[in-house]
1. Can you list residue pairs whose Cβ atoms sit under 6 Å apart, with the first residue in segment B:128-146 being over 16 Å from B:MET211 (Cβ atoms) and the second being basic (Lys, Arg) and assigned to a helix (DSSP H, G or I)? Count only pairs 6 or more apart in sequence or on different chains.
2. If A:LEU43 satisfies every condition in (1) away from chain B (no Cβ under 11 Å); (2) buried (at least 24 other Cβ atoms within 10 Å of the Cβ); (3) in contact with a strand residue (DSSP E or B) (Cβ under 8 Å, 6 or more places away or on another chain) but one, which is the exception?
3. Any residue that is within 14 Å of chain A (Cβ to nearest Cβ), of a type in the set (Lys, Arg) and part of a loop (DSSP other than H, G, I, E, B) - is there at least one of those in segment B:153-164?
4. Restricting to segment A:72-83, what's the tally of residues that are more than 8 Å from chain B (Cβ to nearest Cβ) and under 11 Å from the mean Cα position of the chain (by Cα)?
5. Mind checking which residues of segment A:15-30 are within 24 Å of A:GLN150 (Cβ to Cβ) and not hydrophobic (A, V, I, L, M, F, W, C)?
6. For segment A:31-74, enumerate the residues that are assigned to a strand (DSSP E or B) and under 20 Å from A:SER144 (Cβ atoms).
7. Out of the residues in segment B:79-95 that are away from every other protein chain (no Cβ under 14 Å) and without any contact (Cβ under 8 Å) to a residue 60 or more places away in the chain, state the one that is farthest from B:ASN154 (Cα to Cα).
8. Within segment B:228-251, can you find the residues that are surrounded by fewer than 15 Cβ atoms within 10 Å (Cβ to Cβ), among the basic types (Lys, Arg) and closer than 25 Å to B:HIS141 by Cβ?
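The values are calculated or read from the model by the stated rules, or taken from the named source; none is laboratory data. Keep in mind it's a predicted model, so treat the numbers as computed, not measured. Cβ sites come from the backbone with ideal geometry, for glycine too, and all protein chains shown count toward neighbours.
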Amino acid sequence: MRKGTLRQILLITDGCSNHGEDPIAMAALAKEQGITVNVIGVLDQDIIDEQGLREIEGIAQSGGGISQVVYAKQLSQTVQMVTRKAMTQTLQGVINRELKQILGSQASIEQLPPEKRGEVMEVVEELGETVNLQVLILVDTSGSMKTKLQTVKEALLDLSISLNARSGNNEFSVFVFPGKKGEVDRILDWTPKMESISSVFPKLTSGGITPTGPAIREALQQFQKRRSLKSLFTHDGDDDVYIEQSM
Amino acid sequence: MVMTMYTSNNLCNIRTGTVIQGKWHKHRYEIIKQLGKGANGVVYLAKEGRTFVALKISNQATAMMSEVNVLKRFSEVQGVALGPCLLDVDDWIHPQEKKIYSFYVMEYIEGDDLLTFIQKRGKEWIIVIILQLLGDLHKLHEKGWVFGDLKPENLIVSGKVPKVRLIDVGGTTIRGRAIKEFTEFFDRGYWGMGTRKAEPSYDLFAVAMIMINMCYPKRFERKENGREQLRLMISSHPYLKTYEKILWRALDGKYTCAYEMRKELLQCMQQPSMQTEKKRGERVVHVKEKKKFRWVETMFLFVCVLFMYVVYLYVQIL
């Protein structure tokens with residue numbers, strides 16, 4: 001089996017968007033393009049309001065991903081767990097699709113007897129270890145996130161430790177919103193190493209608006225750009241296979 | 001398709017007396033009480049007929065399957081019980097929710113977790129348990145696995161002759177892959193002292209942290225310089241200080257196999273520095289006994305000579 005690439009957007013936020021397009025619609029758009037959107041809500045002592053919570057769940061749901069709300073302290077553990085689980089979920093979707101082709105439209109992993117499931121799971125794990133991964137991280141830096149940025153930075157460094165232990169390749173890119181001038185700023189271009197964000201993070205200023213929707217839109221464009229650039233440089237476009245989850 | 005990451009509340013509150021019957025194999029298990037909760041599911045004590053079993057149930061079929069795979073592999077290692085024995089794997093249809101949950105059934109290992117055991121039985125047990133653990137880990141590593149989520153909660157000490165057993169194989173990973181599940185305090189990545197690749201040295205780091213945790217039951221959080229922080233904690237505790245050198249070799253990933261660390265721990269225990277006091281005490285007693293014995297000897301000779309002299313005098317007078 002040829003090695004494919006999984007594409008994910010990881011959104012780290014602490015509340016509701018208040019500017020630009022509906023983020024839930026943008027997440028649905030991402031899913032259509034085979035990009036999974038995962039959301040992590042970060043709490044302080046205070047509790048996220050009902051509306052913010054609904055938005056977090058909504059984005060993940062329409063983005064085909066996972067959402068989780070945590071206290072800042074647990075962020076590191078959560079970031080790596082969400083990313084890994086979303087990978088497994090996508091890969092499982094791929095396996096399910098293959099199973100349907102072989103066994104008919106009703107088949108899925110859950111419908112196999114437990115004895116057979118184990119073998120399928122081994123394939124999923126094998127894929128999870130070797131597949132290439134692109135994660136675009138969107139960090140909300142509006143007002144109340146200010147105090148949590150140090151924790152976010154540590155969680156991202158921790159994520160790269162976890163993912164770089166795999167044998168597949170990883171690429172990360174980090175965007176913050178709102179940006180200094182526009183809605184979104186890129187602070188880290190695609191790279192397998194995350195260490196360089198340490199120097200960028202402390203200098204971030206926080207703005208008033210929360211343009212979550214536009215941020216997801218911008219992230220999608222980045223994936224697109226990357227795709228077209230790659231096909232320019234690699235002669236056989238076949239080389240780059242993106243794995244998408246079947247629904 | 002949205003996956004909730006943590007187990008739903010319904011699974012946490014399965015009532016005592018509920019009977020869980022498998023969809024495929026039709027075995028019946030009567031729930032007795034909850035034993036523990038993990039990131040992937042809830043473990044209950046249950047009864048099948050007259051035997052007690054541990055039953056783990058979850059809404060994450062995939063995570064459960066990979067745990068079952070590990071347990072199956074463990075049972076292939078004959079003669080040594082590395083984890084709990086796997087007895088059954090099945091699905092349960094929740095009667096009210098009509099949802100399907102996966103579960104698997106294992107042998108119930110009765111005993112205390114490591115921290116409780118040490119608190120009950122005393123510090124001298126730490127080294128015994130660590131040596132046992134290193135022996136088991138060596139076997140596990142040789143079979144091509146790394147335990148991963150090694151911590152006192154996942155170690156049960158059971159039996160009349162206390163023996164440590166590994167439970168919860170959620171973090172157990174094939175050597176060379178990325179560690180599946182870990183706990184920050186015992187993870188070398190968290191302390192900035194290594195990768196999260198599944199290698200024997202990953203587990204050995206955790207073993208060193210378990211020893212530290214035994215002496216500092218309240219775990220502490222990492223500060224700016226994790227390494228320096230650990231150095232202070234180790235050198236300021238008399239028990240840990242005895243094993244300082246070995247602990248650091250484990251923390252720095254210098255041991256390539258568990259057996260090596262085990263050997264050095266054994267050597268460290270036999271070193272004179274640990275036992276001088278005792279030996280000195282014994283020697284003093286010996287000397288005293290000898291002195292007493294000599295004194296008795298002298299008296300005996302003196303009495304003998306005196307007796308013979310008296311006999312001589314008596315004979316002379318007659």
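1. none
2. (2)
3. Taking segment B:153-164 first, the residues within 14 Å of chain A (Cβ to nearest Cβ) are none.
No, segment B:153-164 has no match at all.
4. Going through segment A:72-83 one residue at a time, the tally reaches 3.
5. Our first condition is that a residue be within 24 Å of A:GLN150 (Cβ to Cβ); within segment A:15-30, this holds for A:15-17.
Answer for segment A:15-30, where residues must be within 24 Å of A:GLN150 (Cβ to Cβ) and not hydrophobic (A, V, I, L, M, F, W, C): A:GLY15, A:SER17.
6. Narrowing segment A:31-74 to residues assigned to a strand (DSSP E or B): A:36-43, A:67-71.
Correct list: A:VAL39, A:ILE40, A:GLY41, A:VAL42, A:LEU43, A:SER67, A:GLN68, A:VAL69, A:VAL70, A:TYR71.
7. The residue in question is B:PRO95.
8. B:LYS245
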